[in-house]
1. Checking the structure you have, find out if any residue of segment 36-55 is loosely packed, with under 10 Cβ neighbours inside 10 Å, at pLDDT 95 or above, among the basic types (Lys, Arg) and farther than 30 Å from residue 86 by Cα.
2. Starting from segment 62-76, take each residue that is in a helix (DSSP H, G or I) and list its partners that are at pLDDT 90 or above, counting only C-beta distances under 6 angstrom and pairs at least six apart or across chains.
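The values are calculated or read from the model by the stated rules, or taken from the named source; none is laboratory data. The structure presented is a predicted model; accordingly, all values stated were derived computationally and were not measured. Note: ideal-geometry Cβ built from the backbone for every residue, glycine included; neighbour counts use all protein chains shown.
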Amino acid sequence: MTTTSPLPSRTTTAFFVQAAISFGVASLAVGIGITYLPVDRWIRGFLAVGCLFLVSSVFTLAKCVRDQQEYVLVSRAEQEARMEKFLSEHDSYGLQPAA
């Protein structure tokens with residue numbers, strides 16, 4: 001008997017589009033806010049670089065979380081496959097017919 005954990009559902013197209021649009025709107029709003037902020041040019045530059053670093057860090061963190069989840073899923077699948085192979089090779093009740 002094979003027991004496998006169900007695969008996580010894929011992201012729907014609508015959810016992906018919503019996430020992309022919300023990211024674009026948020027980035028645009030922050031960009032406009034920094035551009036029209038009534039402060040010196042160097043302060044706006046500092047905030048812009050900080051914002052770009054923050055966005056870059058968020059993408060890196062999201063990738064690391066995704067990679068960790070994929071590693072856990074693959075590790076579980078490997079462990080289940082090894083266990084099934086072990087159990088099929090070591091039939092302690094003699095239920096498998098002799099070859």
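1. yes
2. Going by the 6 Å Cβ cut-off, there are no qualifying pairs.
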